[in-house]
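Here is the structure we will look at, set down as structure tokens.
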Amino acid sequence: MEGGLQPAAIGDVVTRAGERAGIEIRFTGHSPRRGLATSSRLKGHDQIVIAKQGGWAPHSKVLASYLEVVDQWEDNALLGVL
């Protein structure tokens, strides 16, 4: 495709692929982006590096909320306490 895909078109492709696969959860164009963030964090990558790769602002609150889901188990203040 000359000029590539537009952001909305990417979302449509991801949503249709999920539907064709019979997945009950509705995937959107945002799904792989969030997956990039959480999978990268699980592998120990820094938030600033993830933000740069995924197109978030360096201290994005949205990105931080995604990473919190991962970090709540790995970087928990109660680890070793109880």
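The values are calculated or read from the model by the stated rules, or taken from the named source; none is laboratory data. Small disclaimer: the values here were computed from a predicted structure and weren't measured. Quick reminder, even Gly has a Cβ in these numbers, built from the backbone with ideal geometry, and neighbours come from all protein chains shown.
Tabulated results
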read-out: Of all residues in the stretch 39-61 being under 9 Å from the mean Cα position of the chain (by Cα) and modelled with pLDDT of 90 or more, the one that is surrounded by the most Cβ atoms within 10 Å (Cβ to Cβ); value: SER40
read-out: The stretch 15-38 - residue that is among the β-branched types (Val, Ile, Thr) and farther than 19 Å from LEU63 by Cβ and, of those, surrounded by the most Cβ atoms within 10 Å (Cβ to Cβ); value: THR15
read-out: Hits in the stretch 19-62 - residues which are in contact with a Ser or Thr (Cβ under 7 Å, 6 or more places away or on another chain), over 18 Å from GLU74 (Cβ atoms) and of a type outside the set (Gly, Ala, Ser); value: ARG26, PHE27, THR28
read-out: Number of positions in the stretch 14-33 that are outside any helix (DSSP H, G or I) and out of contact with any helix residue (DSSP H, G or I) (no Cβ under 7 Å at 6 or more places or on another chain); value: 5
read-out: Pairs with Cβ under 6 Å, 6+ apart, first in the stretch 63-77 and surrounded by 11 or more Cβ atoms within 10 Å (Cβ to Cβ), second of a type in the set (Val, Ile, Thr); value: TYR66/THR38; VAL70/THR38
